[in-house]
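In what follows, a structure is listed as structure tokens, so that the remarks can point back to it.
Please treat every number below as a calculation from the coordinates, not as lab data. This structure is a prediction, so every number in the text was calculated from the model and none was measured. Cβ sites come from the backbone with ideal geometry, for glycine too, and all protein chains shown count toward neighbours.
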Amino acid sequence: MSRSDARGRLRARIQPAISLLCALAIATTGLGCFGFKTINVPLEQYDPDYGYRPTRNEIRRERGDISIYLAFSGGGTRAAALAYGVMQALQETLLVVDGEPRTMLEEVDTLSGVSGGSFPAAYYGLFDDRIFRAGSSGAR
């Protein structure tokens, strides 16, 4: 049996399975376009004190005139490096707030991160400025 005959037989055996998989993929993709509607039910009452809100930070510290919210995106190592670099630049940027020198990072009110960006965000949340110390292992 020649090589081309073996390929032809293999192709003949695999072709129906590939056709079936393609048909299933098209059918399931098409179901997402059917008339399924998501209806958002209106709130009967709005309570500004319910849930997680940025105003809850006032409990922990006095908020000044400066509001900074950081949100770090995902993307693996690159996202983690970018988040770290942004926090480092904010740490090196000095401000005068109410006559006292402070870093811009100290003025951050909320810090959030997903995927790769969540690692430096969580580390900073746990260990504060120790993230910038060379050779720091975090908790003491």
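The modelled label-to-label distance between Glu100 and Leu24, using points 7 Å beyond Cα along the C-beta direction, is 6.4 nm. Summing +1 for each Lys or Arg and -1 for each Asp or Glu among the other residues whose beta-carbon sits under 10 angstrom from that of Leu105 gives -4. In order along the range 83-96, phi translates into HN-Hα couplings of 4, 4, x, 5, 5, 5, 5, 5, 5, 8, 8, 8, 10, 10 Hz, rounded to whole numbers, per the Karplus curve 6.51 cos²θ - 1.76 cosθ + 1.60 with θ = phi - 60° and x for Gly and Pro. The calculated FRET efficiency for the pair Asp129 and Leu43, based on their C-beta separation and a Förster distance of 41 Å, comes to about 0.50. Maximal additional length on extending the Ala6-Tyr50 stretch stands at 9.0 nm, based on 0.36 nm per residue less the C-alpha distance.
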